[in-house]
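Novice: Before anything else, here's the structure in question.
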Amino acid sequence: MKYFYIKAFASRRIQAGEKLLLLEDFEDSYDIEDAPEGMIIFIADREHHFKGQAVIGRQNKGFAWVFSLNHEDLWSKELFRLYLEEAIEHRQLLFNDPTTTGFRLFNGEGDGIGGLSIDWYDHFIQINWYSRGAYKYKDWWIENLLESTINVEGIYETKRFDLDSTEEAICHVTGKKASQPIIIKERERNYAVYLGEDWMTGIFFDQREVRQFVQEQAQGMSVLNLFSYTGAFSIAAGLGGASKTTSVDVANRSFDLTKENLSINDLKTNNDWNEIRIMDVFDYIDYAKRTSKDFDMVICDPPSFARTKKYVFSAITDYLNLAIDLFRITKPGGLCILSTNHSNYTKEKFIEDMNEAGRLSGKKVQLIQSFGLPDDYPTSEDPSSAYLKVLVYYCAE
Ligand code: SAH
């Protein structure tokens, strides 16, 4: 096994439970730069003390993942099986809950092995691969999934790394094909999910607890759902007894997807009850301000970065200004639910910015609750790993 040496601060991070290694963490980066994807390496500190084993997998940010802190673990199908079994065990409550049929089954480094995530859609599986290094071991994952105690009917995948021209980014891998859509249950909520068609399947499981909160609070409220995509939050609000929901998204596909989700939940699809607006959120906010429209609940769950024809939005630089407007269009006594999944936007900075937005809005706002990732999204100690931050503000006046 080949040894590579890492710098002292990287070694301390690994000791503390972080898993991600960057190229600059290595003492001689030129030595490791060309290491092939999927290669297993031993890492040691400058004094040649063994620190752990890692696998090369270049992705977004990161060069390799530590998967073990001891010599004995052998990178093998058997090791993956152990991690997968632990992950299944950790989600027993979800597997045993007949009212929740979709969730995250394996959350990469948080479940022991980085470079991939696996989602469960009612006996169908989608594997998301984030590096070619992780993808090299695909067969072991597929075999383990098919041999495991959970009954897998079919497997899909998305490849989120540089592909050559012969490779398909989103495809069916093995087993049965899912009906399009399959209907996923999340407590009383039904969601239509399309597997193998797009990067996003239509529902982000990490917001499950926030949707539940919305459902519990929404009775009698007028609810504005911004960056609404498939209307997942609007469904929660509608089922919770909202007097009206308004879903706003710039993408045309949102219209049919939201309508479909309303229908499969027996919610009305006309504009008086559940309005769907295909337009830019920033234009909608201007319209709401111009016409003095306000809402009892405003939900805002934007992407970290977005560019539309007219606007560019980057959460770190632009959320503060957006939130000023959101507080202004929230009725006295209402709730403003602000979410970001930007991993470099820390919770502290997000809270600081949103509090500042509250002050600048001229409203009296109070942070009353916050949400992070649910239990099926375990994280490593890497700072970027707990990416989801959701803040609930009460707007007093
Ligand atoms: N909140 C959603 C997920 C949002 S995904 C949920 O609960 O599932 C991000 C969405 O933002 C995409 O559907 C995209 O079309 C939309 N979007 C990005 N920029 C936008 C803009 N400026 N105005 C309206 N929608 C936008």
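The values are calculated or read from the model by the stated rules, or taken from the named source; none is laboratory data. Quick caveat: nothing in here was measured; it's all calculated off a predicted structure. In this analysis, Cβ positions are derived from the backbone assuming ideal geometry, glycine residues included, and neighbour counts consider all displayed protein chains. Surface areas here come from the heavy atoms of the whole protein model, side chains and all, with no ligands, DNA or RNA. Shrake-Rupley method; radii C 1.70, N 1.55, O 1.52, S 1.80 Å.
Novice: From the phi of every residue in segment 226-231, what ³J(HN,Hα) in whole Hz does the Karplus formula 6.51 cos²θ - 1.76 cosθ + 1.60 yield, where θ is phi - 60° and glycine or proline is x?
Specialist: 9, 6, 7, 6, 8, x
Novice: Then there's this: At a 1.4 Å probe radius, carbon and sulfur cover how many percent of the accessible area of segment 97-186?
Specialist: Roughly 46 percent, rounded to a whole number.
Novice: Summing -39500 (n - 2.57) over the DSSP H runs of n ≥ 4 in the chain and dividing by its residue number, what mean residue ellipticity at 222 nm do you reach, to the nearest 500 deg cm²/dmol?
Specialist: That comes out to -8000 deg cm²/dmol.
Novice: Just want to confirm a number: the relative contact order over segment 3-68, from Cα pairs under 8 angstrom separated by 6+ residues, in percent.
Specialist: With pairs under 8 Å counted, the relative contact order is 37 percent.
Novice: So, one more: So what is the relative contact order of segment 78-216, in percent, for Cα pairs below 8 Å that sit 6 or more residues apart?
Specialist: Here the relative contact order equals 19 percent.
Novice: Also, I was wondering about something else. Obtain the nm distance between the two label points defined at residue 96 and residue 292 by a simple spin-label model: each point lies 7 Å from its Cα along the Cα-to-C-beta direction.
Specialist: Between residue 96 and residue 292, the simple spin-label model gives 5.6 nm.
Novice: Roughly how many nanometres apart are two label points built 7 Å out from the Cα toward the Cβ at residue 253 and residue 351?
Specialist: Rounded to a tenth, the inter-label distance reads 3.6 nm.
Novice: Write out the GluC sites (Glu not before Pro) in segment 30-70 meeting two conditions: DSSP loop, and at most 12 other Cβ atoms within 10 Å of their Cβ.
Specialist: 33, 47
Novice: Highest first, please rank the peptides 75-83, 321-329, 17-25 by the mean number of other Cβ atoms sitting within 10 Å of their residues.
Specialist: Descending packing order for the listed peptides: 321-329, 17-25, 75-83.
Novice: I'd like the Karplus ³J(HN,Hα) series for segment 114-130: coefficients 6.51, -1.76, 1.60, θ = phi - 60°, whole numbers in Hz, and an x wherever there's a Gly or Pro.
Specialist: Working through the residues one at a time gives x, x, 8, 9, 10, 10, 10, 10, 6, 6, 10, 10, 10, 9, 9, 9, 9 Hz.
Novice: If you don't mind, another one. I'd like the distance separating the alpha-carbon centroids of segment 1-43 and segment 227-256, in whole Å.
Specialist: Their Cα centres are 45 Å away from one another.
Novice: With a 10 Å cut-off between alpha carbons and a GNM built on the chain, which of 149, 201, 158 moves the most?
Specialist: 149
Novice: What accessible area per residue comes out for the chain, rounded to a whole number of Å², with a 1.4 Å probe?
Specialist: 45
Novice: Would you please give the residues with an amide H less than 5 Å from that of residue 330, counting only those at least 5 places away or on a separate chain, with H modeled from the backbone geometry?
Specialist: 295
Novice: Could you identify which residue out of 209, 168, 153 has the top mean-square fluctuation in a GNM of the chain using Cα springs shorter than 10 Å?
Specialist: 168
Novice: With +1 on each Lys and Arg Cβ and -1 on each Asp and Glu Cβ, how big is the dipole of segment 281-397 about its Cα centre, in debye rounded to the nearest 20?
Specialist: It works out to roughly 620 debye.
Novice: Please list, ordered by chain and number, the residues whose modelled amide H lies under 5 Å from the amide H of residue 100; skip anything fewer than 5 residues away on the same chain.
Specialist: Amide H neighbours of residue 100, under 5 Å, 5+ apart: 187.
Novice: Let me ask something else about it. Hey, what did the chain get for relative contact order, percent, Cα under 8 Å, at least 6 apart?
Specialist: Relative contact order comes out at 11 percent.
Novice: I need the Kirkwood Rh of segment 77-180: take the reciprocal of the average 1/r across all distinct C-alpha pairs and report it in angstrom.
Specialist: When all Cα pairs of segment 77-180 are included, the Kirkwood radius is 14.0 Å.
Novice: How are the C-alpha pair distances of the chain spread across 20 Å bins, as whole percents from the shortest bin up?
Specialist: 26, 53, 21, 1
Novice: Follow-up question, since we're still on this one. How much length is gained on full extension from residue 370 to residue 164, taking 0.36 nm per residue of separation minus their Cα-Cα distance?
Specialist: Stretched fully, the residue 370-residue 164 segment lengthens by 69.9 nm.
Novice: If you don't mind, there's one more thing I want to ask. For segment 204-395, give the percent of accessible area contributed by carbon and sulfur heavy atoms, probe 1.4 Å, rounded to a whole number.
Specialist: 48
Novice: With a 1.4 Å probe and all protein chains left in place, how much of the accessible area of segment 3-68 comes from carbon and sulfur atoms, in whole percent?
Specialist: 50
Novice: Next question. From the phi angles alone, apply the Karplus equation (6.51, -1.76, 1.60; θ = phi - 60°) to segment 99-110 and give each ³J(HN,Hα) in whole Hz, x where the residue is Gly or Pro.
Specialist: 8, 10, 10, x, 6, 7, 9, 8, 9, x, 4, x
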